Amino acid sequence: MSERTHRDFLAIPDFSAAELVALFELAERMRNGAYAKTPLAGKTLAMIFMKASTRTRVSFEVGTYQLGGHALFLSPRDVQLGRGEPIADTARVLSRYVDGIMIRTFAHQDVEELAKYADVPVINGLTDLLHPCQILADLLTVRQHLGGYEGKKVAWIGDGNNMANSWINAAYRLGFELAIAAPEGYEPADHLLERAKGHAKITLTRDPKEAIEGAHVVNTDVWASMGQEDEQKKRERDFAGFTVNAKLMKRAADDAIFLHCLPAHRGEEVTADVIDGPQSRVWDEAENRLHIQKAIMAVLMGGESL
């Protein structure tokens, strides 16, 4: 393996606070049509999907094209990973063909191993532990509608999953207040929570009403994520009282916005009147996946400076 001269994006703390701010500013220029460069001209992104996706696939593929590059969609049927080829071998081979790799998969250590053996930038499109691109899109949406996250309170209501873990990582880097309400047995990752506590005010409660009190950003996710469908009935019982409805939203700040990474199950983790209501910013949030990922690719693959 050659000497490492590239950067990866596997988790939000891979960037410093100042770099994250610069990344948001770059993404905002892209969203506003003030960025006309094509830093990925002649370059190819390999997109490995061990988990299916709508937003991740379309946003990365369209984003690569808009920056002048080409994206390759690789499902388990298209790569030998699905038939047991070692990740290290896949990393070494793809590095000879492409200029960057985005992977959406199950085990976070698989992404770390891919990055270890790849000679090109690796971007984490989602693992069971983390979903960093989504949270950066969420924070871009907070900047868009609330002017910034400084001095704001973010509430996470529901499963302490990869989204909750990435919110913790973002609070660790950027220092905003985060309140997480999760049922017993569904807490976020201990090691991430402990690391972040010295850098931001983070609370963990069993009571959604407590977490949402005065929050400026209210965020939730499906109760049963991909691969957990067989737990649906149990989770519905365990998450009773965790539905984000209009009554719960009234406890948040008057100008609070509602976010959801989608897909959503209306009537479960959120009611239709909230996700389709005036405080919802989920469609801007989904759009912002495109802009923030373009910024990430421009920096990691296209030589754009932060």
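The values are calculated or read from the model by the stated rules, or taken from the named source; none is laboratory data. Please read these numbers as outputs of a predicted model, since none were measured by experiment. Cβ placement follows ideal geometry from the backbone for every residue including glycine, while neighbour counts extend to all protein chains displayed.
Pick from 111, 122, 154: which is surrounded by 21 or more Cβ atoms within 10 Å (Cβ to Cβ), more than 18 Å from residue 260 (Cβ to Cβ) and in contact with a helix residue (DSSP H, G or I) (Cβ under 8 Å, 6 or more places away or on another chain)? Talk me through it step by step, then tell me what you get.
Details: 111 fails: in contact with a helix residue (DSSP H, G or I) (Cβ under 8 Å, 6 or more places away or on another chain); 154 fails: more than 18 Å from residue 260 (Cβ to Cβ).
None of the others qualify; the one that does is 122.
Select, from 26, 40, 20, the only residue that is within 16 Å of residue 123 (Cβ to Cβ) and outside any helix (DSSP H, G or I). Break it down stepwise before answering.
Details: 26 fails: outside any helix (DSSP H, G or I); 20 fails: outside any helix (DSSP H, G or I).
Being within 16 Å of residue 123 (Cβ to Cβ) and outside any helix (DSSP H, G or I) holds for just one of 26, 40, 20, which is 40.
When you check residue 295 against the structure, is it within 18 Å of residue 139 (Cβ to Cβ) and not assigned by TED's automatic domain parsing to the domain that holds residue 184, yes or no? Give the derivation first.
Numbers: within 18 Å of residue 139 (Cβ to Cβ): yes; not assigned by TED's automatic domain parsing to the domain that holds residue 184: yes.
So residue 295 passes the test.
What number of residues within region 7-52 are at pLDDT below 95 and more than 17 Å from the chain's Cα centre (by Cα)? Give the steps one after another, and end with the answer.
Restricting attention to region 7-52, the residues satisfying the condition of being at pLDDT below 95 are 50-52.
If we keep only those that are more than 17 Å from the chain's Cα centre (by Cα) as well, we get none.
Residues in region 7-52 being at pLDDT below 95 and more than 17 Å from the chain's Cα centre (by Cα): 0 in total.
Quick check on region 54-76. Is at least one of its residues in a helix (DSSP H, G or I), more than 17 Å from the chain's Cα centre (by Cα), buried (at least 20 other Cβ atoms within 10 Å of the Cβ) and not polar (S, T, N, Q)? Can you show your working first?
Taking region 54-76 as the starting set, the residues that turn out to be in a helix (DSSP H, G or I) are 55-66.
Retained after the next criterion (residues that are more than 17 Å from the chain's Cα centre (by Cα)): 62, 64-66.
Imposing the further condition that a residue be buried (at least 20 other Cβ atoms within 10 Å of the Cβ) reduces the set to 64.
Subsequent filtering for residues that are not polar (S, T, N, Q) retains none.
No, the conditions are met nowhere in region 54-76.
Checking the conditions here, which among 306, 290, 300 is touching a strand residue (DSSP E or B) at 6+ places or on another chain (Cβ under 7 Å) and more than 19 Å from residue 214 (Cβ to Cβ)? Before the answer, list the steps.
Details: 306 fails: touching a strand residue (DSSP E or B) at 6+ places or on another chain (Cβ under 7 Å); 290 fails: touching a strand residue (DSSP E or B) at 6+ places or on another chain (Cβ under 7 Å).
None of the others qualify; the one that does is 300.
Take residue 240 and tell me if it is of a type outside the set (Ser, Thr, Tyr) and either in a helix (DSSP H, G or I) or closer than 28 Å to residue 14 by Cβ (or both).
On the way: of a type outside the set (Ser, Thr, Tyr): yes; either in a helix (DSSP H, G or I) or closer than 28 Å to residue 14 by Cβ (or both): no.
So residue 240 does not fit the description; no.
Can you pull out the residues in region 272-305 that are assigned to a loop (DSSP other than H, G, I, E, B) and under 30 Å from residue 254 (Cβ atoms)?
Taking region 272-305 first, the residues assigned to a loop (DSSP other than H, G, I, E, B) are 276-279, 281, 301-305.
Those that are assigned to a loop (DSSP other than H, G, I, E, B) and under 30 Å from residue 254 (Cβ atoms): 276, 277, 278, 279, 281.
Here is a check on your reading of the model: is residue 203 outside any loop (DSSP other than H, G, I, E, B), within 19 Å of the chain's Cα centre (by Cα), of a type in the set (S, T, N, Q) and on the phi < 0 side of the Ramachandran plot? Walk me through it before giving the result.
On the way: outside any loop (DSSP other than H, G, I, E, B): yes; within 19 Å of the chain's Cα centre (by Cα): no; of a type in the set (S, T, N, Q): yes; on the phi < 0 side of the Ramachandran plot: yes.
Against the criterion (outside any loop (DSSP other than H, G, I, E, B), within 19 Å of the chain's Cα centre (by Cα), of a type in the set (S, T, N, Q) and on the phi < 0 side of the Ramachandran plot), residue 203 does not qualify.
Kindly list, by first and then second residue, each pair from a residue in region 55-81 that is within 21 Å of residue 287 (Cβ to Cβ) to a residue that is β-branched (Val, Ile, Thr), limited to pairs with Cβ atoms under 6 Å and residues at least 6 apart or on different chains.
Close Cβ pairs (under 6 Å, with a partner that is β-branched (Val, Ile, Thr)) amount to 67/38; 68/38; 71/64.
Is region 5-12 home to any residue that is touching a Lys or Arg at 6+ places or on another chain (Cβ under 7 Å) and closer than 19 Å to residue 111 by Cα?
Going residue by residue through region 5-12, those that are touching a Lys or Arg at 6+ places or on another chain (Cβ under 7 Å) are 12.
Add one more test, that the residue is closer than 19 Å to residue 111 by Cα, and what stays is 12.
Checked against the condition, which is being touching a Lys or Arg at 6+ places or on another chain (Cβ under 7 Å) and closer than 19 Å to residue 111 by Cα, region 5-12 yields at least one hit.
When residue 143 is evaluated against the numbered criteria (1) within 11 Å of the chain's Cα centre (by Cα); (2) within 14 Å of residue 20 (Cα to Cα), which criterion, by number, is the only one it fails?
(1)
With respect to the numbered conditions (1) closer than 25 Å to residue 272 by Cα; (2) hydroxyl-bearing (Ser, Thr, Tyr); (3) part of a loop (DSSP other than H, G, I, E, B), which one is the sole condition not fulfilled by residue 141?
So residue 141 meets the others, but not (3).
Taking the criterion of being buried (at least 19 other Cβ atoms within 10 Å of the Cβ) and small (Gly, Ala, Ser), would at least one residue in region 234-252 satisfy it? Please lay out each step first, then the result.
Here is the first cut: in region 234-252, the residues buried (at least 19 other Cβ atoms within 10 Å of the Cβ) are 235, 239, 242-244, 248-249, 252.
Adding the requirement that they be small (Gly, Ala, Ser) leaves 252.
Yes: region 234-252 contains one or more residues that are buried (at least 19 other Cβ atoms within 10 Å of the Cβ) and small (Gly, Ala, Ser).
So, in region 178-194, how many residues would count as being crowded, with 19+ Cβ neighbours inside 10 Å and not in a loop (DSSP other than H, G, I, E, B)?
6
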